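Student: Take a look at this one; I'll ask things after.
The values are calculated or read from the model by the stated rules, or taken from the named source; none is laboratory data. Note that the structure is predicted; figures quoted are calculated from it, not measured. Backbone-built Cβ (ideal geometry, glycine too); neighbour counts: all protein chains shown.
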């Protein structure tokens, strides 16, 4: 970074940290421009138009800005304004092209899994199995409706951005004020601003009188920005451009004039609008499902083709082979997977709502459980969005405010300091319905008034004392002043403001005992630096007594004051946030604070929150010269990004995602909308957030609290576990259908009739797969790291269980069927026995699928009553079908004896040896600090050592 930029940043840091003055300390009214005042604006050529779009307006003086735009303080002529309107276009935000509804609808049927199910559904109709076809198409329709509703929502974020545009505005045209449509504004127009106006375009201010603008939607800073006209460094961050009024922001006090420098899409708001239009990529779960669906579809089709060809050749009956192949596809295809996902995520939405997190996009439920980085705003999310006096410095000694006892008179010096800060103060006090005092006004004034009230330093009589003279805070003065009349008739003058400015008025100071002593500037500066180094906003306070007989006009300018001390204030952390950040660390999630605050302030708050960094805070100006690779490395070593623009925040999100991170971002302002939309999960604030932020986000926190995010992350992980358990169950069932394929090429009777295979689909996958979506979780979700981005819908552990359990179930069914048929038992009885064994196998697999790591005996069966009832009901329906002659005749069933039921039950239980045995071994290894891989390596080494020693 060039030295002059570094010096500028350091200079800004000192100013912002040590006083309540803005970086632009000399802001005031515009410098006079007599040489242009009477000159009309000239024509703006194409070359000048391009130059005006590329200019760094905040770094230009007033006269340079007007010259660049060929503009005059008297405004443009009507003709020139019309010509420029044709050149630049209307002052309106670009609107994206809406997707045709029919395209959105067709998109819902492009998944390979859905395509195969459509084909199966059509063939099933031709086969006359209308109930099964209806079930398949019901799943398809529900899936399409859900997807269509999600994607066909109008882009509310863009609509909300458009609503920030002012419909009309006041301008100077040919020296006269006129009200015009804001859409007709052009670069070079002179706009008139006053309190309550919404800024209609980006303006370079040429006049500012007590002008304050709320820019929180762009900068994230809750305090109104004080505006002036002096040029600032070209490298100044968005929040430090004190001479620019940005489109969409609100004037809160004062008045001013500005020359339009950017309109429409060229404004800061327009750039945000363009970024919000950017499309959002697939969520981790959507990417996983795309791969899984394709793999399943290919595998099932290959097996079906194998069954058809094998059956046609061996049995010589192509029609029967085709029917068997189609039935196998329907049974093996996990067509319930889309509905399972929807049910599990809908349950996640319901659970998150209980924790004040409103989910606007279903996939965001699972994505929350996958996040590896949270980029969080500071104000209102990590902190309380309420300035609070934290420390006092009296006579050079620093003390914490909580060391004072409420109402205590043991520290008269502290009482005097707090009282003075409350008596030169514009905060408004009122009482709510519960009788509690509430405050309104400037954040600094409210903090000082609240501190005095809580310490009992000021009485009602003192607050009601007559104000004889008052000077509000002005940037050029760097202080405010109030003279009050005391009950005895004497007058007291109170001053507060930038410590250096207040010290310059003083001849003495009070020491820690409250006695007046000579001013010790060195001791005060040492305390001042100590507090400023902690990121505190530091205010100096002084007072003096004026004889009642004195002429007040001689005391308009404060002098001969006694310096009472310093008050250091900070926006305190929210309760529970530090613990929540620690929970995130245990869960393998990094938290990065992204704020518009000054780096020193941000770093101090970061330390309080437990955000440890090996490097200093990353700044927006520092990012300007960084490549993406350098930025990625920088983000790995810091947890704080300060003084960042919306583009910077978006770049941080995209850089992290390019590194394979799953990123959640919080925000409440318009400036946050691009990052909210680009992030894997955008999280907006419900209480303090703007409509733009809420509409761009996937999740809205109704309580604006970071702690809520950790609960949402836990529920997201619970949701994915439930989805994973359902998928494991479905795929294990499908794997068991290996038995049908093997049976086709074996010289044996047909294992299951087509209708019986459809019955298997009904009693094994009918409700249990959905019921698994109701699993409440294992309780350890925030103690394990996020799953790898390379991991599919099932982990390697679960895939191995699917293979082993599926192979075991298929083998047992085939062996049982072969033994029974070979013994001469009736084929009807043999098929019923084999099918019943398969039903029981799936019952136990469903129970095991509840948790990937916990044993069945470690789980309370009543935690998921729906699964228990659904599984028992499926068994009951299957048993009923065997003993109801009419249905048994249709399905080809025969009733089983008690001993046959016992045989099926015992063999069915054996599947748990593999699933539960794997869990038990992994638990034992984990207790001894070993992973299965390391244990395998250790075993191999031991065997090798034994072989070597035997030689």
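Student: For residues in region 568-624 being over 21 Å from residue 384 (Cα atoms) and modelled with pLDDT under 85, which is nearest to the chain's Cα centre (by Cα)?
Tutor: Checking each candidate, the answer is 613.
Student: Can you name the residue in region 678-689 that is within 17 Å of residue 370 (Cα to Cα) and not in a loop (DSSP other than H, G, I, E, B) and is also farthest from the chain's Cα centre (by Cα) among such residues?
Tutor: At the first step, the residues of region 678-689 found to be within 17 Å of residue 370 (Cα to Cα) are 678-683.
Remaining after also requiring not in a loop (DSSP other than H, G, I, E, B): 678, 681-683.
On the way: 678: 10, 681: 5, 682: 4, 683: 3 Å.
Residue satisfying both the conditions and the ranking: 678.
Student: Mind counting the residues in region 427-447 that are touching a strand residue (DSSP E or B) at 6+ places or on another chain (Cβ under 7 Å), under 23 Å from residue 536 (Cα atoms) and in a loop (DSSP other than H, G, I, E, B)?
Tutor: Initially, region 427-447 is screened for residues touching a strand residue (DSSP E or B) at 6+ places or on another chain (Cβ under 7 Å), giving 427-432, 437-441, 444, 446-447.
Filter once more, so that each one left must be under 23 Å from residue 536 (Cα atoms): 427, 439-441, 444, 446-447.
Next, only the ones that are in a loop (DSSP other than H, G, I, E, B) stay: 427, 441.
Here the count works out to 2.
Student: To continue, here is another question. Tell me yes or no: at least one residue of region 444-458 is at negative phi, crowded, with 23+ Cβ neighbours inside 10 Å and without any contact (Cβ under 8 Å) to a residue 24 or more places away in the chain.
Tutor: So far as region 444-458 goes, yes, one or more of its residues are at negative phi, crowded, with 23+ Cβ neighbours inside 10 Å and without any contact (Cβ under 8 Å) to a residue 24 or more places away in the chain.
Student: Right, next: Can you spot a residue in region 549-569 that is assigned by TED's automatic domain parsing to the domain that holds residue 400, in a helix (DSSP H, G or I), under 23 Å from residue 225 (Cβ atoms) and touching a strand residue (DSSP E or B) at 6+ places or on another chain (Cβ under 7 Å)?
Tutor: No, region 549-569 contains no residue that is assigned by TED's automatic domain parsing to the domain that holds residue 400, in a helix (DSSP H, G or I), under 23 Å from residue 225 (Cβ atoms) and touching a strand residue (DSSP E or B) at 6+ places or on another chain (Cβ under 7 Å).
Student: Could I ask something else about it? For the structure I just gave you, tell me whether residue 665 is assigned by TED's automatic domain parsing to the domain that holds residue 610, more than 14 Å from the chain's Cα centre (by Cα) and not in a helix (DSSP H, G or I).
Tutor: Working: assigned by TED's automatic domain parsing to the domain that holds residue 610: yes; more than 14 Å from the chain's Cα centre (by Cα): no; not in a helix (DSSP H, G or I): yes.
No; evaluated as a whole, the condition is false for this residue.
Student: Of all residues in region 877-902, which are part of a helix (DSSP H, G or I) and touching a residue at least 24 places away in the same chain (Cβ under 8 Å)? Outline the logic, then answer.
Tutor: The first filter runs over region 877-902 and keeps only residues part of a helix (DSSP H, G or I), leaving 877-883, 885-891, 898-902.
Matches in region 877-902: 877, 878, 881, 882, 890, 891, 900, 901.
Student: For residue 647, all conditions in the list (1) at pLDDT 85 or above; (2) crowded, with 17+ Cβ neighbours inside 10 Å hold save one; what is the number of the exception?
Tutor: Result: residue 647 fails condition (1) only.
Student: Somewhere in region 740-751, is a residue buried (at least 21 other Cβ atoms within 10 Å of the Cβ), over 48 Å from the mean Cα position of the chain (by Cα), modelled with pLDDT under 85 and part of a loop (DSSP other than H, G, I, E, B)?
Tutor: Scanning region 740-751 turns up at least one residue that is buried (at least 21 other Cβ atoms within 10 Å of the Cβ), over 48 Å from the mean Cα position of the chain (by Cα), modelled with pLDDT under 85 and part of a loop (DSSP other than H, G, I, E, B).
Student: All but one of (1) closer than 29 Å to residue 602 by Cα; (2) buried (at least 21 other Cβ atoms within 10 Å of the Cβ) hold for residue 397; state the number of the condition that does not hold.
Tutor: Of (1) closer than 29 Å to residue 602 by Cα; (2) buried (at least 21 other Cβ atoms within 10 Å of the Cβ), only one is false for residue 397: (2).
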